[in-house]
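This report concerns only the one structure given below.
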Amino acid sequence: MAVSASQHHSLCKLIASPFSLPNRNPRLLNNPNPSPNPVRGRFRRFVCSSIAASTPAAPLEEKNSPSLGDATRPDFPILDQVINGKRLVYLDNAATSQKPTAVIKVLKEYYESYNSNVHRGIHFLSAKATDEYEQARRKVAAFVNALEPREIVFTRNATEAINLVAYSWGLSNLKSGDEVLLTIAEHHSAIVPWQLVAQQTGASLKYIGLTKEQVPDVDQLKKLLSKKTKLVVTHHVSNTLASVLPIDQIVHWSHDVGAKVLVDACQSVPHMSVDVQKLNADFLVASSHKMCGPTGVGFLYGKSELLSAMPPFLGGGEMIADVFEDYSTYAEPPSRFEAGTPAIGEVIGLGAAIDYLSNIGMQRIHQYELELANFLYDSLLTIPNIHVYGPAPSETTHRAALCSFNVEKLHATDIATILDEMHGVAIRSGHHCAQPLHRFLGVNSSARASLHFYNSKKDVEFFIEALRDTIDFLTKFQ
């Protein structure tokens, strides 16, 4: 269970502090072109007593201190409720994460205090909104260690970011005879746009299968790479298999044959430190709503030289330099790809989410979730007749904190329904936007429990007991 308010107060305190992002690129946080009305925002920094005396390399938690899940759960008001008579246990984080009070407060403040359009007005509200919007871009750039903020393009979501690359870069660079390599485990949003582009350009798609350990076969990918390969599309972390791919190696091999690499980082950026310069990926996408930020906004990272050479994706206001009756000239990136009024409040909320995650520390989150991932996997294997997909964890193989599974003779949706209605446990059932992968595995669907840092081992233990009861209940009707 979550710690009480008094216990939480004794362990943690809120202090006001200037904005900082430890272990990130500090020069990205300085605005080279400050507006006449700079906004020097201050935010609330969450400092636990167990963190204050430690270094990033120190053990995650003191032996008698609360877990990261117990310490942060009170920050998420939605988790403090009863569902169908039971305390809510939210284990659908691979679909979307919950939002801390700090993010909700920033959204509320924007709409109550300085709601205005950005980049177009000189009045106080517009200047402040613009400052906060562009500060969020700098925060995202620092968070993934982009070389400069203009390499970050805000989009509606990661799906739109992939479509932006497909239609802007893909239609301009792919032709008949070219090949795009993908893994069979990709999300639909990383498959369908390239199918549409391939139909228009004559390029072909080639898929990489799985190893016997149910991990995308990177050796097969390496063998399939050729001078025909123009693009490799790959996830960083699978939303179904929980496998983690060696992106730096894939990028190196791909660049050796002249191919670009697009990384779907939706399941990695919220859970671990991601450094785009170290990965050397050409494009990388992620979604705000999976990293404790608002829905309706995502981002594309693209190398400056690539973005500068790409034509616009959408036409309209903001993305232009000049408009004449018969032609237009276009702004430099990122404005070129942000046509119309953006999701201003949501972008600012994403910046607040990055503040929140950075104050906890992405390495701390990652190490804690590795422990949770192993505990979840091992606990599920104690249940008879269960099949968990993806690799077994080991000293060299790390799983993300999610498990997709099936129980013999039971439908995944029946399991998810009973877990919700009888136990208040929220998991996912279905194909998880990965139908080709499920067909490859020989199943139509699976159930999925996915964790975030505000979950705890107690959540997993409750889920396992609820799953046992659910299986017993459902087998009575067979």
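In the stretch 196-222, how many residues are open to solvent by 40 Å² or more (accessible area, probe 1.4 Å) and among the aliphatic types (A, V, I, L, M)? Within the stretch 196-222, residues that are open to solvent by 40 Å² or more (accessible area, probe 1.4 Å) and among the aliphatic types (A, V, I, L, M) number 2.
Taken over the stretch 392-422, the criterion of being of a type outside the set (Val, Ile, Thr) and assigned to a helix (DSSP H, G or I) is satisfied by ALA412, ASP414, ALA416, LEU419, ASP420, GLU421, MET422.
Please determine whether any residue of the stretch 311-334 is of a type in the set (S, T, N, Q) and in contact (Cβ under 8 Å) with a residue 24 or more places away in the chain. No, the stretch 311-334 contains no residue that is of a type in the set (S, T, N, Q) and in contact (Cβ under 8 Å) with a residue 24 or more places away in the chain.
A single entry from ALA434, ALA392 fulfils the requirement of being touching a residue at least 60 places away in the same chain (Cβ under 8 Å) and buried (at least 21 other Cβ atoms within 10 Å of the Cβ): ALA434.
Please indicate, with yes or no, whether at least one residue in the stretch 266-277 is under 20 Å from the mean Cα position of the chain (by Cα) and open to solvent by 40 Å² or more (accessible area, probe 1.4 Å).
Looking for residues that are under 20 Å from the mean Cα position of the chain (by Cα) and open to solvent by 40 Å² or more (accessible area, probe 1.4 Å), one finds at least one in the stretch 266-277, hence yes.
Please indicate, with yes or no, whether at least one residue in the stretch 322-330 is surrounded by 19 or more Cβ atoms within 10 Å (Cβ to Cβ) and either at pLDDT 95 or above or not in a strand (DSSP E or B) (or both). No; the residues of the stretch 322-330 include none that is surrounded by 19 or more Cβ atoms within 10 Å (Cβ to Cβ) and either at pLDDT 95 or above or not in a strand (DSSP E or B) (or both).
Listed conditions (1) hydroxyl-bearing (Ser, Thr, Tyr); (2) surrounded by fewer than 20 Cβ atoms within 10 Å (Cβ to Cβ); (3) under 30 Å from TYR327 (Cα atoms) are all met by THR295, apart from (3). Checked against the criterion of being open to solvent by 10 Å² or more (accessible area, probe 1.4 Å), at pLDDT 95 or above and outside any helix (DSSP H, G or I), the stretch 366-381 contains one or more residues that satisfy it. Close contacts from the stretch 416-431, counting a first residue that is of a type in the set (Lys, Arg) and a second that is surrounded by fewer than 18 Cβ atoms within 10 Å (Cβ to Cβ), with Cβ to Cβ under 6 Å and a gap of 6+ residues or different chains, come to ARG428/ALA95. Is there a residue in the stretch 251-261 that is surrounded by fewer than 24 Cβ atoms within 10 Å (Cβ to Cβ) and of a type in the set (D, E, K, R)? Yes, some residue in the stretch 251-261 is surrounded by fewer than 24 Cβ atoms within 10 Å (Cβ to Cβ) and of a type in the set (D, E, K, R). For the stretch 425-478, the set of residues classified as part of a strand (DSSP E or B) and under 15 Å from ASP414 (Cα atoms) consists of VAL425, ALA426, ARG428, SER429, GLY430, SER446, ALA447, ARG448, ALA449, listed by residue number.
You will find that of ALA339, ALA352, the residue that is at pLDDT 95 or above, surrounded by 24 or more Cβ atoms within 10 Å (Cβ to Cβ) and either among the hydrophobic types (A, V, I, L, M, F, W, C) or in contact with a helix residue (DSSP H, G or I) (Cβ under 8 Å, 6 or more places away or on another chain) (or both) is ALA352 and no other. Scanning the stretch 116-129 for any residue that is modelled with pLDDT of 95 or more, open to solvent by 40 Å² or more (accessible area, probe 1.4 Å), small (Gly, Ala, Ser) and part of a helix (DSSP H, G or I) turns up nothing. With the condition kept exactly as written, say whether any residue in the stretch 298-310 is open to solvent by less than 10 Å² (accessible area, probe 1.4 Å), under 30 Å from ALA102 (Cβ atoms) and free of Cβ contacts under 8 Å to residues at least 60 places away in the same chain. No, there is no match, as no residue in the stretch 298-310 is open to solvent by less than 10 Å² (accessible area, probe 1.4 Å), under 30 Å from ALA102 (Cβ atoms) and free of Cβ contacts under 8 Å to residues at least 60 places away in the same chain. With the condition kept exactly as written, say whether any residue in the stretch 108-116 is touching a residue at least 12 places away in the same chain (Cβ under 8 Å), within 30 Å of ALA71 (Cβ to Cβ) and in contact with a Gly (Cβ under 7 Å, 6 or more places away or on another chain). Yes, because at least one residue in the stretch 108-116 is touching a residue at least 12 places away in the same chain (Cβ under 8 Å), within 30 Å of ALA71 (Cβ to Cβ) and in contact with a Gly (Cβ under 7 Å, 6 or more places away or on another chain). Scanning the stretch 437-478 for residues that are touching a residue at least 24 places away in the same chain (Cβ under 8 Å), of a type in the set (Lys, Arg) and over 27 Å from HIS366 (Cβ atoms) yields a single hit, ARG468. For the stretch 143-188, the tally of residues that are open to solvent by less than 20 Å² (accessible area, probe 1.4 Å) and of a type in the set (S, T, N, Q) stands at 3. Of the residues that sit in the stretch 92-115 and are assigned to a loop (DSSP other than H, G, I, E, B) and open to solvent by less than 80 Å² (accessible area, probe 1.4 Å), which one is farthest from LEU402 (Cα to Cα)? Of everything passing the filter in the stretch 92-115, PRO100 is farthest from LEU402 (Cα to Cα).
The residue of the stretch 148-178 that is nearest to LYS303 (Cα to Cα), among those that are in contact (Cβ under 8 Å) with a residue 60 or more places away in the chain and assigned to a loop (DSSP other than H, G, I, E, B), is GLU148.
Can you spot a residue in the stretch 179-189 that is part of a helix (DSSP H, G or I) and under 30 Å from GLN214 (Cβ atoms)? Lay out the reasoning, then the answer.
The initial filter retains those residues of the stretch 179-189 that are part of a helix (DSSP H, G or I), namely 188-189.
Subset that is under 30 Å from GLN214 (Cβ atoms): 188-189.
Within the stretch 179-189 (the criterion being part of a helix (DSSP H, G or I) and under 30 Å from GLN214 (Cβ atoms)), the answer is yes, since at least one residue qualifies.
Regarding LEU376, is this residue under 30 Å from GLN214 (Cα atoms), touching a Gly at 6+ places or on another chain (Cβ under 9 Å), hydrophobic (A, V, I, L, M, F, W, C) and touching a residue at least 12 places away in the same chain (Cβ under 8 Å)? No; evaluated as a whole, the condition is false for this residue.
The values are calculated or read from the model by the stated rules, or taken from the named source; none is laboratory data. Here the structure is a predicted model, which is why all the values come from computation and not from measurement. Don't worry about glycine lacking a Cβ; one is built from the backbone with ideal geometry, like all the others, and counts go over all protein chains shown. Accessible surface is based on the protein model in full, side chains and every heavy atom, while ligands, DNA and RNA are left aside. Shrake-Rupley method; radii C 1.70, N 1.55, O 1.52, S 1.80 Å.
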